[in-house]
Structure formats: C-alpha cells, structure tokens
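Trainee: Structure in structure tokens, see below.
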Amino acid sequence: MAVESEHLRLLFCILNPIAKAPSADTLRSNVIDKFNEERNNIQEILQNAPGQLSFMLDAWTSPSYIPFLGITVH
C-alpha cells in the first residue's frame, strides 16, 4: 500500500518532522466511517424531503474505459 511506503513516510518526515502518516488500516477505517456518516445524512435528507422524489440514473464508459455513474434526484 502506498501509504505505508518507506519513501512516502520519509517524504512526510522531510516536509514536516512532527507529521505522522496514518496506516492503511486507519485510512480505510476513516474512509468507511465518513462514507457511512454521509450516507446516513443523505438518507435523512431524502426521507424528510417534502413531496415525491424521482431518481434518474445514467451510466457510461469514457473513451479510456473509465466507468461513470450519474445519479440525479428531482
């Protein structure tokens, strides 16, 4: 994992000797926690929205084969 690379940690140390790079497990846990927090916020917003909601999905692949998914709510 790039976060645990000796070279990256050395770079952090050079740029800021008191900075500590988190482990890959810590980053993964933080990202999952933030995702769940935001998902719950969005769920609450949508459940409390007045009226009816319509969802529209669009999926496509770029010329360089990168997949995209667009979600629109009206």
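Values quoted throughout were computed directly from the atomic coordinates according to the rules given, and no laboratory measurement underlies them. In this text the structure is predicted, and so the values were computed from the model without any measurement. Here the Cβ is made from the backbone with ideal geometry for all residues, glycine too, and neighbour counts use every protein chain on show.
Trainee: Return the pairs, sorted by first residue and then second, in which the second residue is surrounded by 10 or more Cβ atoms within 10 Å (Cβ to Cβ), the first residue lies in region 25-45 and is assigned to a helix (DSSP H, G or I), the beta carbons are less than 9 Å apart, and the residues are 6+ apart or on different chains.
Mentor: T26/V3; L27/M1; L27/V3; N30/P22
Trainee: Working only within region 1-24, note down all residues that are among the β-branched types (V, I, T) and either assigned to a loop (DSSP other than H, G, I, E, B) or touching a Cys at 6+ places or on another chain (Cβ under 8 Å) (or both).
Mentor: I18
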